Amino acid sequence: QVQLVESGGGLVQAGGSLRLSCAASGRTFSSYAMGWFRQAPGKEREFVAAIRTSGGSTYYADSVKGRFTISRDNAKNTVYLQMDSLKPEDTAVYYCAARPLAFSKRWVEYDYWGQGTQVTVSS
């Protein structure tokens, strides 16, 4: 069992930055691939970024590539999402998620989810 708690969301102007954190419980954090997803009102949940267990490989949605950076600190049981050059279309609830071993871009394949943190980007 893994429990995830996100933090770091908020209101920011377009062009600004935010850093989301996701703290995980349990001693086996390093054996989980981690993902960030987001869901805007009236839209489906979409993939944002993912990182393999060791942190050696990362993956991004085309819409955030070059602006967002996912990273993890296995010693702190934490995964991060650094979001730069934010746009109004990035406004959504952001969720972190965990699944054993292999990463995925499909949210249905993740076993554990945080409660979400709101990110609002004003124009």
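Remark: the chain carries 51 Å² of accessible area per residue (probe radius 1.4 Å; ligands, DNA and RNA excluded). How about K43: which lysines have a C-alpha closer than 19 Å to its C-alpha, ignoring those fewer than 8 places off in the same chain? Straight-distance partners of K43: K87, K105. Taking a straight Cα-Cα cut-off under 20 Å and skipping sequence neighbours fewer than 8 places away in the same chain, the aspartates and glutamates within cross-link reach of K65 are E44, E46, D84, E89, D90.
Fully extending the segment from R19 to S71, taken as 0.36 nm per residue of separation minus the present Cα-Cα distance, adds 17.6 nm. Using a probe of 1.4 Å, the accessible surface attributed to D84 totals some 50 Å² when neighbouring protein chains are kept in position.
Between A61 and Q82, residue separation times 0.36 nm minus the direct Cα-Cα distance comes to 6.2 nm. On the stretch 23-99, 44 percent of the accessible area sits on carbon and sulfur atoms, based on a 1.4 Å probe.
The values are calculated or read from the model by the stated rules, or taken from the named source; none is laboratory data. For clarity, every value in this text was computed on a predicted model and none was experimentally measured. Remember, those area values only see protein heavy atoms, side chains included, never the ligands or the DNA or RNA. Shrake-Rupley method; radii C 1.70, N 1.55, O 1.52, S 1.80 Å.
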